[in-house]
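To start, the structure itself, in C-alpha cells.
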Amino acid sequence: MTEECQNYSLEGKFISAVSVTKSKKILGSHIIVQNVVAVVSKPEKYDYIEDVVCKETDIKENEMKLLSLGQNGGKVLLIKQKGELHAIGTKCTHYGALLHTGALGDGRVRCPWHGACFNIKTGDIEDYPGLDSLPCFQVNVDDTGLVHVKARRKDLDLNRRTKKMHEKDANNDTTTLIVGGGPAAATCAESLRQEAFTGNIIMVCKENALPYDRVKVSKTFDIDFEKAVLRPASFYKEHNIEIKLGTEATGLNTIDKVVQLSNNEKLKYNNLFICTGSAPRMPDIPGVDLSNIHVLRDYTDCHAISSKLSQDKHIMILGLGFIGMEAAAFCVDKCASVTIVGRGTIPLQSVFGTDIGNRIKHLFEEKGVKFIFERNIAQFIAKEGGKQPQSVGSVVLTDGEHHPADIVIIGIGSRFYTDWIKDSPIQMLDDGSIVVDKYLKTNVENIYAGGDIAYAPLFGSDNILAAIGHYSLAHYHGKIAALNICGKNTVLNSIPFFWTTLFGKSYRYVGYGKAEKIRIYGSLENLEFFAYYMKDDKVIAMSSVGADPVVADFANFLYEGMTLTETDINKDAFGWMRNKPKDLQNRFQNESIVSA
C-alpha cells in the first residue's frame, strides 16, 4: 500500500498528517488512516503573532522598552545594545518584577528586586534566584525602519521557559550524587540535565519535602507549600532525577566513593556535590526544651507558629538579625505583643550600619514592636496550670526581669550541616565550612561543595574567601557545580546580592565586607535612600530602600570588573550609574557621611 504526505481539511479546520495512506475515513474530529490518528490543529501560522512594535529610531542605544505586541495585551521587552535589537520576555521568572525597571548591563538585564540576570540575546537565566529562563523573540527591521517582532503565542503568555533537558541514557551508569535539598541542589540537578549529563542523578534531602522557596519561611508564616515548591515531583520524575526525601547523609568514604545514609543505605558516586546548608542554633538555656519555643528553618516551623498566633498571645523573639526582625514584622498585628531581646543595641547593625539600623528600629517601634537591648534570656519558665503545663509561659532575662512569653522564636544564627564529613579528608575550617576553589572543587577529586557551607572566593570582592548563606548565591553554586561536573570549566563570577522586606519596605544589599564609613544619599526618615559602604577609598557594597534599580546597577558594575572609588563619588556621586532611579537629583541630593 503506497503512502504519501498530505494536508486535509475537516469541518473548516486545518489538519496536518505526516504519513498517511490513500485509504482514510472521518471519525469525529480525527482522521484515521491505517491506524494513524492526526489530531485537529490550527496551521502553524496561528501559533505565532507578528506585528510592528515601534520605529527603529524610537529606541536608543542601551535602552529598554516595554512594548505591546498584537491586539491581545501581549508585551515584549525590546533592548538595543551595540547597535543590535533584541526582544525577550518582560518579567523576571522569580517573582515577576518588570525587567524594564531593572538594570541593563553588558549583554544581560538584572532584576531590580533580587538580582536575577537574563541574557538579552537568548533569554537564558545567568544568575539567580529562580530557575526558568525567558522566551526570546525574533526581531526584524524592514526597509522603512519599522521594527517587527514575531513570537509564539504560548511563549508570550507564559513569559518563561525551561531550557532543553537531555534524556537519561540507560547505558550510562555514571552517578552524580547531590547531598542537600535546597536551592543549590535543585539548580544543580536540573542544570546537569541541561548540560547533557545523561547518567544517574540522585538527590538526598534531609527534609521530607522537595526543594522549595525557603526564604519565605521567616517572612510569611502562612506559606503555601505547594506554591513554594521550586519544581513539582512530576518534573523530577520526567527527567529521571531520583530524590530520597526524609533521608540524611551520615558518613562519607572517599576511597570507595560511598555515602552512608540514615536509612542504612550506601550510595556509590562518581561525582559528589555537597550542599547540606545550615541548622539553626539553639541556646544552652534552662527550659529550652519546653514546647512553643521555635526556630525558623523550614516550612513546618513557620506553620507551627502561625497555627498558634492569636490576639491574646505574647511573642518573645531572641535575636536582632534578619530572622528575628522578619518574624516580628509578620507577627506584630496578629498577637498581644512582640518583644525582641538581643545582646546588641541596634538591629541589623552589622549589615546596614548604625544609622540605617536605628531608622529600622524606630520603624518597628512605631508599629508596636518592643526592644530589650544588651540582655539575653537566662531561663524559660513553664506555664503554670492549663492543659499544657510543659509549654513556655514566661522568660527570665539576664538582669532578672520576667516577661510573659506564650511563644518564643529563636533567631541567633546557624551552624553548618557538615558533621557527617568531619572524619573525611575534605578540607574544612573549624566552623564546619568546606574550603573550595573558584570551580567549587574541594581538595578531594570529584567532590564539590556549594551553598551556605562553601568557603569560596567572592567575585567582585577581590576574590576573598567567605561562606555566605545567600539564597540566590546557593542557586548559582548549583549551576557552577553542574557545569564543572560536566567538564565545562566555569569559574565563580556572581556578585553577592540579598534582600529583605519589613513592613512593606524592601531593603536591598549588594557586595561584601566590613565598611569603615557609610555615605548615605536621600532620606532615612522617608526610607528612600541608597548608601555606599566604603573601605580603603573603595565602595565595597551598596544598600537601598525605594531607590531601584541602583543596587542591581552596582551589581552589574562589579560583575563587569569595575571599581568605584571615593574620589569618583566626590566628583559625581551619580556619574557611574547607567540605570538611574527616577527623579534622582531631587530625591537623593541630601548626603550624610556616618561611621559604620
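The values are calculated or read from the model by the stated rules, or taken from the named source; none is laboratory data. This is a predicted model, so every value here is computed, not measured. Every residue, glycine as well, gets a Cβ built from its backbone with ideal geometry; the counts of neighbours run over all protein chains shown. When the accessible area is computed, the model is the full protein with side chains, heavy atoms only, and any ligands, DNA or RNA have been set aside. Shrake-Rupley method; radii C 1.70, N 1.55, O 1.52, S 1.80 Å.
Within region 176-196, the set of residues being out of contact with any helix residue (DSSP H, G or I) (no Cβ under 7 Å at 6 or more places or on another chain), over 16 Å from Gly451 (Cα atoms) and assigned to a loop (DSSP other than H, G, I, E, B) comprises Ala196 only. Summed over region 215-242, residues that are open to solvent by 30 Å² or more (accessible area, probe 1.4 Å), closer than 15 Å to His303 by Cβ and part of a helix (DSSP H, G or I) total 4. Of the numbered criteria (1) open to solvent by 30 Å² or more (accessible area, probe 1.4 Å); (2) not in a loop (DSSP other than H, G, I, E, B), the one Leu272 fails is (1). Taking the criterion of being part of a loop (DSSP other than H, G, I, E, B), farther than 13 Å from Gly324 by Cβ and open to solvent by less than 50 Å² (accessible area, probe 1.4 Å), the residues of region 347-375 that qualify are Gly353, Gly368.
Candidates Ile520, Ile593, Ile569: the one that is within 21 Å of Gly105 (Cα to Cα) and either among the β-branched types (Val, Ile, Thr) or in contact with a helix residue (DSSP H, G or I) (Cβ under 6 Å, 6 or more places away or on another chain) (or both) is Ile569.
With the checklist (1) part of a helix (DSSP H, G or I); (2) out of contact with any Lys or Arg (no Cβ under 8 Å at 6 or more places or on another chain); (3) under 21 Å from Ala474 (Cβ atoms) in hand, flag the one item Cys331 doesn't pass. Among (1) part of a helix (DSSP H, G or I); (2) out of contact with any Lys or Arg (no Cβ under 8 Å at 6 or more places or on another chain); (3) under 21 Å from Ala474 (Cβ atoms), Cys331 violates only (3). In the set (1) open to solvent by 20 Å² or more (accessible area, probe 1.4 Å); (2) closer than 29 Å to Arg231 by Cα; (3) out of contact with any strand residue (DSSP E or B) (no Cβ under 7 Å at 6 or more places or on another chain), the condition left unmet by Cys111 is number (1). Note on region 455-503: residues that are open to solvent by less than 30 Å² (accessible area, probe 1.4 Å), assigned to a loop (DSSP other than H, G, I, E, B) and more than 20 Å from Asp553 (Cα to Cα) total 1.
Checked against the criterion of being closer than 30 Å to Asp437 by Cβ, assigned to a strand (DSSP E or B) and of a type outside the set (Asp, Glu), the candidates Met542, Met562 yield just one match: Met542. Of everything in region 430-454 that's within 19 Å of the chain's Cα centre (by Cα) and assigned to a strand (DSSP E or B), which residue is nearest to Tyr512 (Cα to Cα)? The qualifying residue nearest to Tyr512 (Cα to Cα) is Ala454.
Conditions (1) open to solvent by less than 40 Å² (accessible area, probe 1.4 Å); (2) in a strand (DSSP E or B); (3) touching a residue at least 40 places away in the same chain (Cβ under 8 Å); (4) among the basic types (Lys, Arg), marked per residue:
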| residue | (1), (2), (3), (4) |
| --- | --- |
| Asp256 | no, no, no, no |
| Val259 | yes, yes, yes, no |
| Leu267 | yes, yes, yes, no |
| Thr276 | yes, no, yes, no |
| Val288 | yes, no, yes, no |
| Thr300 | no, no, no, no |
| Ala304 | yes, no, no, no |
| Lys308 | no, no, yes, yes |
| Ile315 | yes, yes, yes, no |
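Pairs meeting the criteria (first residue in region 440-457 and acidic (Asp, Glu), second residue in a strand (DSSP E or B), beta carbons under 9 Å, at least 6 apart or on different chains) are Asp452/Ser278; Asp452/Ser414; Asp452/Phe416. Sub-6 Å Cβ pairs linking a first residue in region 162-188 that is basic (Lys, Arg) to a second residue that is outside any loop (DSSP other than H, G, I, E, B), at least 6 apart or interchain, are Lys163/Ser133; Lys163/Gln194, ordered by first then second residue.
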